[in-house]
Amino acid sequence: MGTIIKNGTVIFDGTKVKTDILIRDGIIAAIEAGIEAEESDEIIDAEGKTVCYGLTDVHVHLRVPGRPDKETIASGSAAAAAGGYTCVCAMPNLSPVPDSPENIAIEQELIDRDAIIDVLPYAAITKGRKGEELVDIKALKDKAVAFSDDGSGVQTAEMMRLAMEKAAEEDVLIAAHCEVNELLHGGYIHDGTYAKVHGHRGICSESEWAQVVRDLELSLQTGCRYHICHMSAAESVEALRAAKAQGAKASGETGPHYLILSDADLQEEGRFKMNPPLRSASDRDALIKGILDGTIECIATDHAPHTAEEKAKGLEGSAMGIVGLETAFPLLYTNLVETGIISLEALIKLMCDNPRRIFRIGGAMRVGEKADLAIFDLNSEYSIDSREFKSKGKATPFEGWKVKGRCIRTIKDGKTVYEYGKA
């Protein structure tokens, strides 16, 4: 028979419609009001709830192969499902690095065995992510969602040009971590007021935007599809806006923390340390403007779990990275939608529709598509408690924040993979 989701407010074709959804054989069979109960053997009452296509995160770290003490495919995909995600893209800073068909097969085997949602692996741009030798893009293109050396910027223009030329030939996406090593000077938080007042070494914004500008010029020259990872600086937004106006096949993402926090919110704890760092309030405002005018088309968490010990050494000594899969939607709904900055429909585009389009993942709230759905209770208010996370990582700057918009059920291929309150 199938499953009916009854009386939900469905995000459908960019609008909100109160209607029913019929699922058969893992596929959306109908989206219409008044679907009869006799057509199913399971009814999910979504009265007062919001139903959308499953969220998609194009930038997560699942740590395996290499560091299963930080995260695994099982724990990471469970965390994603708890956040309403049905698809995530796993970054390549792993051991072994997915820089060959043989190495990416090791990661894929773990995904096939343990993932409860779609987990799509990245391949590296360069062998070992060292920036010295290009991977065989043609051999890897059907095995990877995109190519990135995330965690490391490609330092030379010559190497990035070569990568973009090959990527353009094969019509694959380059997703770049933009960071100029020689401008870091041992910094670990933003080179702003907080760093100066508290005696910390800062990371200047130019370390990000200088490489963004370089890469966008190369993208225009080569015709490469190019995506900027975790944008944090106002200058990066301006550069992307200008390049798009010139016809670049370019896109960008930012993270929930960059849209909500600034370096004025820093505390002397490792849970406030990530790369790129929280920048100024004016940078945050530029990022918000970027999502409003379509310059930035994706919100991705950069979910980066570490062990408790690695995050317990203050701002200077802690590892860089925070978790985000289980908090992204409620934080963004509470701080952007409830405050009137963006609409709920616009948020879903940023967290689902646009990432799927840019990364050519497929899937949408349409009849005939896979039944990958998330149900949220927008009226459910609660406090973020990292002890409840399914992720092995617990470091979040939003500990204790009150939010609205709890994910109460996530459905993958027509089957419930997460239900709030159930183990």
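The values are calculated or read from the model by the stated rules, or taken from the named source; none is laboratory data. As the structure is a computational prediction, the values presented were derived from the model and not from experiment. Cβ placement follows ideal geometry from the backbone for every residue including glycine, while neighbour counts extend to all protein chains displayed. Just so you know, the surface numbers come from the protein's heavy atoms only, side chains and all, with ligands and any DNA or RNA stripped out. Shrake-Rupley method; radii C 1.70, N 1.55, O 1.52, S 1.80 Å.
Select the helices (runs of 4 or more DSSP H) contained entirely in the range 169-261, then report the ones holding at least 3 residues which are touching a residue at least 24 places away in the same chain (Cβ under 8 Å), of a type outside the set (Phe, Trp, Tyr) and farther than 23 Å from residue 280 by Cβ.
Values: elements: 193-198, 206-222, 234-245, 256-260.
Fully inside the range 169-261 and qualifying: 206-222.
Residues in the range 1-57 that are surrounded by 15 or more Cβ atoms within 10 Å (Cβ to Cβ) and out of contact with any strand residue (DSSP E or B) (no Cβ under 7 Å at 6 or more places or on another chain): 24 only.
On the basis of being assigned to a loop (DSSP other than H, G, I, E, B) and either more than 16 Å from residue 58 (Cβ to Cβ) or of a type in the set (Gly, Ala, Ser) (or both), does residue 132 make the cut? It is true that residue 132 is assigned to a loop (DSSP other than H, G, I, E, B) and either more than 16 Å from residue 58 (Cβ to Cβ) or of a type in the set (Gly, Ala, Ser) (or both). When each of 297, 269, 316, 326 is tested for being buried (at least 24 other Cβ atoms within 10 Å of the Cβ) and of a type outside the set (Lys, Arg), the lone residue that passes is 326.
Does residue 136 satisfy the condition of being open to solvent by less than 30 Å² (accessible area, probe 1.4 Å), without any contact (Cβ under 8 Å) to a residue 60 or more places away in the chain, of a type in the set (D, E, K, R) and over 29 Å from residue 414 (Cα atoms)? Before you say what the answer is, go through the steps one by one.
On the way: open to solvent by less than 30 Å² (accessible area, probe 1.4 Å): no; without any contact (Cβ under 8 Å) to a residue 60 or more places away in the chain: yes; of a type in the set (D, E, K, R): yes; over 29 Å from residue 414 (Cα atoms): yes.
Considered against the rule, which asks whether it is open to solvent by less than 30 Å² (accessible area, probe 1.4 Å), without any contact (Cβ under 8 Å) to a residue 60 or more places away in the chain, of a type in the set (D, E, K, R) and over 29 Å from residue 414 (Cα atoms), residue 136 comes out as no.
If you go through the range 17-50 and pick out every residue that is without any contact (Cβ under 8 Å) to a residue 60 or more places away in the chain and part of a strand (DSSP E or B), you end up with 9. Residue count for the range 334-366, restricted to those that are open to solvent by 20 Å² or more (accessible area, probe 1.4 Å), in a helix (DSSP H, G or I) and either over 18 Å from residue 173 (Cα atoms) or touching a Gly at 6+ places or on another chain (Cβ under 7 Å) (or both): 6. Annotation: of all residues in the range 272-294 being more than 16 Å from the chain's Cα centre (by Cα) and of a type in the set (S, T, N, Q), the one that is least open to solvent (accessible area, probe 1.4 Å) is 280.
What residue, of 404, 394, 390, is open to solvent by 20 Å² or more (accessible area, probe 1.4 Å), outside any loop (DSSP other than H, G, I, E, B), out of contact with any Lys or Arg (no Cβ under 6 Å at 6 or more places or on another chain) and touching a residue at least 60 places away in the same chain (Cβ under 8 Å)? Break it down into steps so the answer makes sense when it comes.
Numbers: 394 fails: outside any loop (DSSP other than H, G, I, E, B); 390 fails: outside any loop (DSSP other than H, G, I, E, B).
Testing whether each residue is open to solvent by 20 Å² or more (accessible area, probe 1.4 Å), outside any loop (DSSP other than H, G, I, E, B), out of contact with any Lys or Arg (no Cβ under 6 Å at 6 or more places or on another chain) and touching a residue at least 60 places away in the same chain (Cβ under 8 Å) leaves just 404.
Tell me, please, whether a residue that is farther than 17 Å from residue 56 by Cα, modelled with pLDDT under 95 and not in a helix (DSSP H, G or I) can be found in the range 151-160. The answer is yes, given that some residue of the range 151-160 is farther than 17 Å from residue 56 by Cα, modelled with pLDDT under 95 and not in a helix (DSSP H, G or I).
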